[in-house]
Amino acid sequence: MNLNLKNSIAFFDLEATGTNVSTDRIVEISIVKLHPDQGREIYTRKVNPGIPIPLEASLIHGIYDKDVKGLPSFKDLSKEIHQFIGSSDLAGFNVLKYDIPLLVEEFLRSGIDFDLDKRNLLDAQKIFFLMEKRNLTAAYKFYCNKTLENAHSAEADTLATMDVFMAQIERYHGEEVEDLQGNKIGVFPNDMKKIHELVNEKMVDLAGRFVFNSQGEEIFNFGKHKGKTIEQVFKEEPGYYDWMMRGDFPLDTKRKLTQVKLRGFNK
């Protein structure tokens, strides 16, 4: 089906040094511009971010420092990117939370006021979540082909969840599992410990303030130290531990932080 367009749409995707809009930089941009007459143009460029690309990011998108060495920066390319997008609407997958904020930030750093007010912003992920419900009622219908009666009754919800879980084991047992980046991480087992390891692969604390990097080290997942290992931060800024312990963080987060700190003392 052809899209009913009154304006061109720029579908785009970014690869970057990380996920922090304020501090991370674009390393690749690809734009497919679809016109009202259904014609299309494609613009794809790798970008020198001007900062080292963390190994964790390179392992996801496959772009390393050597791949962007000597290439133009985003600022160098900003005028031609801005001109290519023109007055198009913007579209992509999860663009509202990540790609659009990062793109706007890069334009602003380059001295270009990239105006969003007169553009339609179209996020395929939002449509996906809107139209394909991801609640217990939907899961019960999908996996068990049953209608959940008395939804939000604790007992009905608990029984339905058990049925869904058992149906998931039966449906996925033996299937290969990939993470959100398409990396193969194992085979779905009928084994609770292995399922835990698959589902909670990077979980350090329950609030997600810390995650594991590709070397299995605990790293910060928020704030000014995002991407740094906890041990590295303690060495560079010893007072950060005390600040977090006084802060409004969950007790589980503080417990995990203390465990890493004590482990460092015992080395």
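Out of segment 12-43, which residues are in a strand (DSSP E or B), crowded, with 18+ Cβ neighbours inside 10 Å and touching a Lys or Arg at 6+ places or on another chain (Cβ under 8 Å)?
Those that are in a strand (DSSP E or B), crowded, with 18+ Cβ neighbours inside 10 Å and touching a Lys or Arg at 6+ places or on another chain (Cβ under 8 Å): Ala16, Val27, Glu28, Ile29, Lys33, Leu34.
Looking at segment 120-179, which of its residues are within 30 Å of Lys6 (Cβ to Cβ), in contact with a strand residue (DSSP E or B) (Cβ under 6 Å, 6 or more places away or on another chain) and part of a loop (DSSP other than H, G, I, E, B)?
Asn120, the sole residue that qualifies.
Cβ-Cβ below 6 Å, separation at least six or inter-chain, first residue in segment 62-81 and closer than 16 Å to Phe114 by Cα, second part of a loop (DSSP other than H, G, I, E, B) and not charged (D, E, K, R): which pairs?
Phe74/Val47; Lys75/Ser110; Ser78/Ser110; Ser78/Ile112
Any residue at all in segment 92-113 that is of a type in the set (Val, Ile, Thr) and buried (at least 18 other Cβ atoms within 10 Å of the Cβ)?
Yes, because at least one residue in segment 92-113 is of a type in the set (Val, Ile, Thr) and buried (at least 18 other Cβ atoms within 10 Å of the Cβ).
Which of the residues belonging to segment 180-196 are assigned to a loop (DSSP other than H, G, I, E, B) and over 24 Å from Glu56 (Cβ atoms)? Working first, answer last.
If we filter segment 180-196 for residues that are assigned to a loop (DSSP other than H, G, I, E, B), which is where we start, we get 180-183, 188-191.
Correct list: Phe188, Pro189, Asn190, Asp191.
Please work out which residue is modelled with the lowest pLDDT, limiting yourself to segment 197-227 and to residues that are hydrophobic (A, V, I, L, M, F, W, C), within 16 Å of Arg255 (Cβ to Cβ) and assigned to a loop (DSSP other than H, G, I, E, B).
Checked segment 197-227; the qualifying residue modelled with the lowest pLDDT is Leu206.
Against the definition (without any contact (Cβ under 8 Å) to a residue 12 or more places away in the chain, in a helix (DSSP H, G or I) and either within 25 Å of the chain's Cα centre (by Cα) or closer than 23 Å to Ala57 by Cα (or both)), how does Lys254 come out, yes or no?
Values: without any contact (Cβ under 8 Å) to a residue 12 or more places away in the chain: yes; in a helix (DSSP H, G or I): yes; either within 25 Å of the chain's Cα centre (by Cα) or closer than 23 Å to Ala57 by Cα (or both): yes.
Yes; evaluated as a whole, the condition is true for this residue.
Go through Ile100, Ile112, Ile127 for me and flag whichever is among the β-branched types (Val, Ile, Thr) and closer than 30 Å to Met162 by Cα.
Values: Ile100 fails: closer than 30 Å to Met162 by Cα; Ile112 fails: closer than 30 Å to Met162 by Cα.
The conditions single out Ile127.
Taking segment 44-61 on its own, how many of its residues are touching a Ser or Thr at 6+ places or on another chain (Cβ under 8 Å) and either assigned to a helix (DSSP H, G or I) or in contact (Cβ under 8 Å) with a residue 60 or more places away in the chain (or both)?
Within segment 44-61, residues that are touching a Ser or Thr at 6+ places or on another chain (Cβ under 8 Å) and either assigned to a helix (DSSP H, G or I) or in contact (Cβ under 8 Å) with a residue 60 or more places away in the chain (or both) number 5.
All but one of (1) modelled with pLDDT under 90; (2) more than 21 Å from Ala57 (Cα to Cα); (3) surrounded by fewer than 17 Cβ atoms within 10 Å (Cβ to Cβ) hold for Met245; state the number of the condition that does not hold.
Failing condition for Met245: (1).
The values are calculated or read from the model by the stated rules, or taken from the named source; none is laboratory data. Remember, predicted model here, so these are calculated numbers, not experimental data. All Cβ positions, even for glycine, are placed from backbone atoms using ideal geometry, and neighbour counts span all protein chains on display.
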